[in-house]
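These notes concern the structure reproduced below.
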Amino acid sequence: MAETGGDNEDPGYDTSKYVSRDEYLRDVAALKNKWVKIILYFAIAVVIGTSNVLLINYTAALPVQLHWIVDGFAMDEILSYMVVIAALLVVGIWVGVAKHKFYSLAYFAGFATAGFVFMVIPGDLIVGIYVFTVSACLFAVVYLVFFRIWNSVKRAVVVEK
């Protein structure tokens, strides 16, 4: 059974889940209107994921003369594939740390949904698989590794009052 605060404290404050009362209050404030925020972050991720797929298709459709070629590699295409990873990790981790991890998970799910939608379009099958797979793998890595490490570091650093 989880240890909760005394008689004058909120019964939702669980000392095994939160390292301080301030963290609990931050969580309560962050989770107000959570379904609206989850839908918002999901929709933002779908738009950004769709934009990334369209960027990849645009750079692949450029005539060879317009490519940024370095040692035989089309750097603009390579960078358009890397934008997916950057847009997922930077924004996804920031949302998870600054707002709440539920919103970060909704962001990753929105990216995966955008990739899944493009998987059913025959011309965009490979790009859709790429976006879906990258977002699903990074979702697992960020959730299982980053948030677990973040929580353990947070517990180790907290100063009891």
Euclidean distance between Cα centres, segment 34-49 to segment 84-161, Å: 13 Å
Taking the convex hull of Cα positions in segment 100-158, its mean projected area over all directions (nm²): 3.9 nm²
For segment 31-155, the spread of Cα positions along each principal axis, largest first, Å: 53, 29, 18
Total lysine pairs under 15 Å (Cα atoms) in segment 31-155, excluding pairs fewer than 8 apart on one chain: 7
3J(HN,Hα) from dihedral phi, segment 115-129, Karplus parametrisation 6.51/-1.76/1.60, rounded to Hz, x for glycine, proline: x, 5, 4, 6, 5, 7, 8, x, x, 10, 4, 5, 5, x, 4
Gain on full stretching of the segment that runs from Ile69 to Leu40 - 0.36 nm per residue minus C-alpha separation: 6.6 nm
Label-point gap, in nm, between Leu31 and Leu89 - each point 7 angstrom along Cα→Cβ: 3.0 nm
Residue order, fewest to most beta carbons within 10 Å, for Met119, Met75: Met75, Met119
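Any read-out appearing in this document is the output of simple, stated calculations on the displayed coordinates, not a laboratory observation. This one's a predicted model, so the numbers in the text were calculated from it and none came from an experiment. Neighbour counts run over all protein chains shown; Cβ positions are idealised from the backbone, glycine included.
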